[in-house]
Structures are given as structure tokens and as C-alpha cells.
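The values are calculated or read from the model by the stated rules, or taken from the named source; none is laboratory data. Predicted, not measured: the structure shown is a model, and the values here were computed from it. We place every Cβ from the backbone using ideal geometry, glycine too, and count neighbours over all the protein chains shown. The protein model used for the area step is the full one, side chains on, heavy atoms only, and it has no ligands, DNA or RNA in it. Shrake-Rupley method; radii C 1.70, N 1.55, O 1.52, S 1.80 Å.
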Amino acid sequence: LRRQRQMCIRDRYVLGDKDIPFRLLSDPKVNFPKHPSPLANFQNPNLNVALPIFTIYGNHDDPVGGCSAIDILSSAGLVNFFGHVENSDDIVIKPILLQKGTTRIALYGMGNVRDERLHRCFK
């Protein structure tokens with residue numbers, strides 16, 4: 001029942017034909033490298049997204065290797081997954097650059113990296 005409610009909320013608020021009030025200025029191939037078609041979901045002409053959601057890995061996901069629920073939601077075009085850590089020995093954070101009117105923001109995200117891995121990066 002809980003998942004059914006979540007899907008109803010997603011259909012009501014996330015999907016639809018509304019105009020997106022901001023522009024993506026950064027290169028989606030850089031921001032979404034793991035996605036099969038490296039675009040933000042609201043840029044994909046085959047999807048109708050009214051409320052783009054940007055997400056990173058949480059502490060129960062392993063950003064180096066494997067497949068998680070975030071990967072599946074991203075592949076389905078339901079979320080924009082960014083902050084993927086390609087190499088845990090050399091972490092590079094590339095921001096998503098957005099613009100709405102004259103306001104520009106840089107959205108930085110780093111998915112969860114286990115303490116042991118992060119500690120090795122600082123050595």
C-alpha cells in the first residue's frame with residue numbers, strides 16, 4: 001500500500017506537461033555519466049516531467065560498483081542521479097549548473113562514500 005501511494009504522488013506531482021522554470025547550463029554528459037542516455041529527465045523528449053528531482057546516493061547505497069534503487073529510478077527517467085564516484089581513490093565533484101531568470105546556482109553533490117574510503121582520499 002505504501003509503494004502504491006508513492007506512485008500516486010509521483011504521478012500527481014512529478015510527471016506532467018508543465019514548463020520547467022529553469023535551464024540546465026552544465027553538460028549533462030558530465031553530470032549524468034551513468035545514465036543510458038546522458039540527459040536530465042526533463043530534457044528527454046520521450047518523458048513528461050513537471051518536477052525534476054535531483055538525487056545522490058544515500059548511506060545504504062555503494063557508489064562504487066553495483067546497482068541500487070537510485071540506479072533503477074534514474075534509468076527509468078524518474079530522477080536525475082548525480083554525484084557518482086567513479087574512483088574512490090580520486091574523488092572529483094562536478095556541479096550541476098542551473099539558471100532561473102538571472103539567478104544561477106551550482107548544485108554540488110557527492111554520494112555517500114564509506115568512511116574508510118574517504119579517509120584514504122585525505123592521505
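Values as computed for the structure displayed
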| item | result |
| --- | --- |
| Search result, residues across segment 105-123 that are basic (Lys, Arg) and either surrounded by 15 or more Cβ atoms within 10 Å (Cβ to Cβ) or in a loop (DSSP other than H, G, I, E, B) (or both) | Arg114, Arg117, Lys123 |
| Subset of segment 62-79 (residues that are in contact with a strand residue (DSSP E or B) (Cβ under 8 Å, 6 or more places away or on another chain) and either over 26 Å from Leu51 (Cβ atoms) or at pLDDT 85 or above (or both)) | Leu73, Ser74, Gly77, Val79 |
| Residues satisfying the stated conditions in segment 80-104, i.e. surrounded by 15 or more Cβ atoms within 10 Å (Cβ to Cβ), modelled with pLDDT of 95 or more and out of contact with any helix residue (DSSP H, G or I) (no Cβ under 9 Å at 6 or more places or on another chain) | Leu98 |
| Pick from segment 26-52, criterion open to solvent by 70 Å² or more (accessible area, probe 1.4 Å), modelled with pLDDT of 90 or more and in a loop (DSSP other than H, G, I, E, B), ranking: nearest to Leu98 (Cα to Cα) | Asp27 |
| Positions within segment 1-18 being open to solvent by less than 40 Å² (accessible area, probe 1.4 Å) and either touching a Lys or Arg at 6+ places or on another chain (Cβ under 6 Å) or within 24 Å of Ser68 (Cβ to Cβ) (or both), in sequence order | Val14 |
| Where Pro21 falls short, out of the listed (1) surrounded by 13 or more Cβ atoms within 10 Å (Cβ to Cβ); (2) part of a loop (DSSP other than H, G, I, E, B) | (1) |
| Breaking point among (1) in a loop (DSSP other than H, G, I, E, B); (2) open to solvent by 70 Å² or more (accessible area, probe 1.4 Å); (3) more than 28 Å from Thr103 (Cα to Cα), for Gly58 | (2) |
| Which numbered condition Arg10 misses (of (1) of a type outside the set (A, V, I, L, M); (2) closer than 27 Å to Glu116 by Cα; (3) out of contact with any Phe, Trp or Tyr (no Cβ under 6 Å at 6 or more places or on another chain)) | (2) |
